[in-house]
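Below: one structure, written as structure tokens.
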Amino acid sequence: MTLKLAPVLSRAWDEQDSYTLDGYRRHDGYTALRKALTEMTPDEVITEVKDSGLRGRGGGGFATGVKWSFIPQGDGKPHYFVVNADESEPGTCKDIPFMLANPHELIEGIVIGAYAIRSEQAFIYVRGEVTHVVRRLLAAVREAYAAGFLGKDILGSGFDLELVVHVGAGAYICGEETALLDSLEGRRGQPRNRPPFPAVEGLYASPTVVNNVESVASVPSIIRRGKDWFRTFGSEKSAGFGFFSLSGHVVRPGQYEVGLGVTLRELLDLAGGIRHGHRLKFWTPGGSSTPLFTEDHLDVPLDFENVQAAGSILGTRALQVFDETTCVVRAVLRWTEFYAHESCGKCTPCREGTYWLVQAYRRLEAGQGSEAELEKLLDICDNINGRAFCALGDGAVSPIVSSIKYFRDEYLEHLRHGCCPFDPARTTVWAPALTGAY
Amino acid sequence: MSTAELGLPRVPAKGYPQDVVDRLEPDADAVIARYPVKRSALLPLLHLVQAEEGFVSGDGIRYCAEKLGLSTAEVTGVATFYSMYKRRQVGDFHVGVCTNTLCAVLGGDEIFAELKAHLGVGNDERTAVSPEGRSLTLEHIECNAACDFAPMMTVNWEFFDNMTPDKAKALVDDLLAGRPVVATRGPAVCGFRETERILAGFEDRREDAVHGGGSAGPESLVGLTIAKQRGEQA
């Protein structure tokens, strides 16, 4: 059976005004909101989302409806609905084009979600380094207020909601939900101890839901077309569709919105394969924090269970694809430098560990030292993994441990040569095409 | 030699002159009014003072502290945590080159090396002012969520997709010469300080700017295009 694409969130991106209110309303925009507010109780909305099987699209994979159901009701405290739009995981590039092309579907999902958890104040925490996305979000929120989809007595339902676009300032760690909340409170973005979880004590120590952009944006179509429709995509435990973002050495990189459980082989087929004259070497299934895969994993169904069974994590479905011209040591060194730069400094294993990883890696990449260096690297990894305050530490060691597992000999080759045996000029998009003589 | 280099404590910032305070006040109050708790306004306020001066100065820190009832130490602690707040004057344009792994491998490293040589500056350094009166600050940046358009660059955090060393050099030449530059997925680039006001949460003063660049870049549409060709819909 050939793969079937499922353009839902991307259905109108090829229209020139898809990001405007008019453009969105031509594609059933805000009809799910009307249905939720006029035909469903908040609890019915939560049940529908829970039964759809939607799981968090930001990497964690936690059931969205279940998260909503954790918000205590009748507690007399304000509730907050926060969207994590801090997309910064290396390789991940889905939420940014989504918000550029279709910010209203996100807003519709926010209003429905806030109604469900009885929240009257919502925030979109968007990373700062995306001026044009900020522009589009600000305009869309203004349009939604003017049309009565935000503000007081929305659609005559008596439900009120204020929505603020909050722009970050450059810190990968703020994608971690408790660091994001600290940042939103005007502090350094450092993760918090858990418990208490945000559902109990989140923003301003009040019950808070934090959801990824794509998770929230998937809600309107679930309400509009029903949980059973959503379940026709994906599998029992990994229901629905999602963006698979192909980048790197492929002929047609870009966004492919399909049911969960697709394989890289099927996606490469759509994407025209690896660039001409080259072959696949390694890839990330869900961003740089997910252990690397190789050619041996071309047929792993990309859903939560199967990727985990194969030794990695589905993450954000950010498929960074590298061909045989790429030095895996160079690639992982660069990610390691990234984690050291982005470590927030709160806990010792991550702050010190990522620093020393970089030092050891630079020596290895330059072909200095001995095989003992490799063991030292793994030893440092062992002291970070599972011992850091948040998942950044675990993410930092993922590419290292997996690359040594699959490409140990390539590391040793650096030591034998006394330098990197690869030519970086051959990896670029403008490198001359191979003639087949290679 | 400044006192800072001798390791002596810096003299406390005097704060903005009254005319600057008067000009900032309506914007700052609008920012604070967005939040149920005042301190949440700190990040946008820091963007706002960066819009005023092109970096976060001691005066800017003092302004934020006084508006929010915080100490200058608390504000400094936050300002120095986030990489977008600059401690030194940024040029008229901030130019970023992604050198995280994917972009680096696809050519970002080469672009960054060539730009440094072309402009005669290092990372996080500002060029001299051009004869046309423009300067820019060059910085290598982390993954900016445009991996399918790699190698990518930014000018004032607007996207420039599918770059090459030649396109990159032409881009900075145009910026320094004062020629108009249009982002691949965005409008014509405005100045760094005007951009920072947008990041403080205020809409672009140019009405049409929001439409610049259209709905989506070609890479964003590859899946949808194939689906339409095959007649597949969800």
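Annotation note: Cβ proximity below 6 Å between a residue of segment B:76-94 that is free of Cβ contacts under 8 Å to residues at least 24 places away in the same chain and a residue that is charged (D, E, K, R) (sequence gap 6+ or interchain) occurs for B:81/A:188. On the basis of being free of Cβ contacts under 8 Å to residues at least 12 places away in the same chain, in contact with a Ser or Thr (Cβ under 6 Å, 6 or more places away or on another chain) and charged (D, E, K, R), does residue A:363 make the cut? Answer is no for this residue.
Residue A:199 falls short on exactly one of the conditions (1) among the small types (Gly, Ala, Ser); (2) within 27 Å of residue A:102 (Cα to Cα); (3) over 17 Å from the mean Cα position of the chain (by Cα), and that condition is (2). Please work out if residue A:92 is of a type in the set (Ser, Thr, Tyr) and in a helix (DSSP H, G or I). For residue A:92, the condition - of a type in the set (Ser, Thr, Tyr) and in a helix (DSSP H, G or I) - is not met. Which residues, taken from segment A:24-79, are polar (S, T, N, Q), assigned to a helix (DSSP H, G or I) and closer than 29 Å to residue A:237 by Cβ? Matches in segment A:24-79: A:47, A:52, A:64, A:69.
Remark: pairs (first residue in segment B:168-183, in contact (Cβ under 8 Å) with a residue 12 or more places away in the chain; second residue surrounded by fewer than 21 Cβ atoms within 10 Å (Cβ to Cβ) and basic (Lys, Arg); Cβ separation under 8 Å; 6+ apart in sequence or on different chains) = B:175/B:134; B:176/B:134; B:177/B:134; B:178/B:134. Residue A:216 satisfies every condition listed in (1) facing another protein chain (nearest Cβ under 9 Å); (2) surrounded by 22 or more Cβ atoms within 10 Å (Cβ to Cβ) except (1).
Just to be sure, is residue A:199 more than 30 Å from residue A:340 (Cβ to Cβ) and assigned to a helix (DSSP H, G or I)? I'd like the intermediate steps shown before the answer.
Values: more than 30 Å from residue A:340 (Cβ to Cβ): yes; assigned to a helix (DSSP H, G or I): no.
Judged against the criteria, residue A:199 is not a match.
Mind listing whichever residues of segment A:76-89 are farther than 23 Å from residue A:7 by Cβ, in contact with a Lys or Arg (Cβ under 9 Å, 6 or more places away or on another chain) and facing another protein chain (nearest Cβ under 8 Å)? Quick ask: steps written out before the conclusion?
Within segment A:76-89, the first condition is being farther than 23 Å from residue A:7 by Cβ, and the residues that meet it are A:76-82, A:84, A:86, A:88-89.
Now restrict to residues that are in contact with a Lys or Arg (Cβ under 9 Å, 6 or more places away or on another chain): A:79, A:86, A:88.
Listed by number, the list holds a single entry, A:88.
Pairing each residue of segment A:29-53 that is touching a residue at least 60 places away in the same chain (Cβ under 8 Å) with any residue that is of a type in the set (Ser, Thr, Tyr) and surrounded by fewer than 21 Cβ atoms within 10 Å (Cβ to Cβ), provided the two are 6+ apart or on different chains, yields C-beta distances under 6 Å for A:37/A:157; A:46/A:69. Counted as qualifying within segment A:243-343 are the helices (runs of 4 or more DSSP H) with 2 or more residues that are closer than 20 Å to residue B:101 by Cβ and within 9 Å of chain B (Cβ to nearest Cβ), namely A:328-342.
Which residues, counting only those in segment B:59-95, are in a helix (DSSP H, G or I) and surrounded by 22 or more Cβ atoms within 10 Å (Cβ to Cβ)? Don't jump to the end; show me each part of the working.
Step one: of segment B:59-95, the residues in a helix (DSSP H, G or I) are B:59-68, B:72-79.
Residues satisfying the conditions are B:60, B:61, B:63, B:64, B:67, B:75, B:78, B:79.
Where strands (runs of 3 or more DSSP E) sit wholly within segment B:127-234, those with at least 2 residues that are assigned by TED's automatic domain parsing to the domain that holds residue B:111 and within 24 Å of residue A:15 (Cα to Cα) occupy B:158-160.
If you scan segment A:130-167, which residues turn out to be at the interface with chain B (Cβ under 7 Å from one of its Cβ atoms) and touching a Ser or Thr at 6+ places or on another chain (Cβ under 7 Å)? Across segment A:130-167, the qualifying residue is only A:131. Can you tell me which residues in segment B:133-167 are among the acidic types (Asp, Glu) and in contact (Cβ under 8 Å) with a residue 24 or more places away in the chain? Passing the criteria: B:139, B:142, B:148, B:158, B:161.
The values are calculated or read from the model by the stated rules, or taken from the named source; none is laboratory data. Treat the numbers as computed from the prediction; the structure is a model and nothing was measured. All Cβ positions, even for glycine, are placed from backbone atoms using ideal geometry, and neighbour counts span all protein chains on display.
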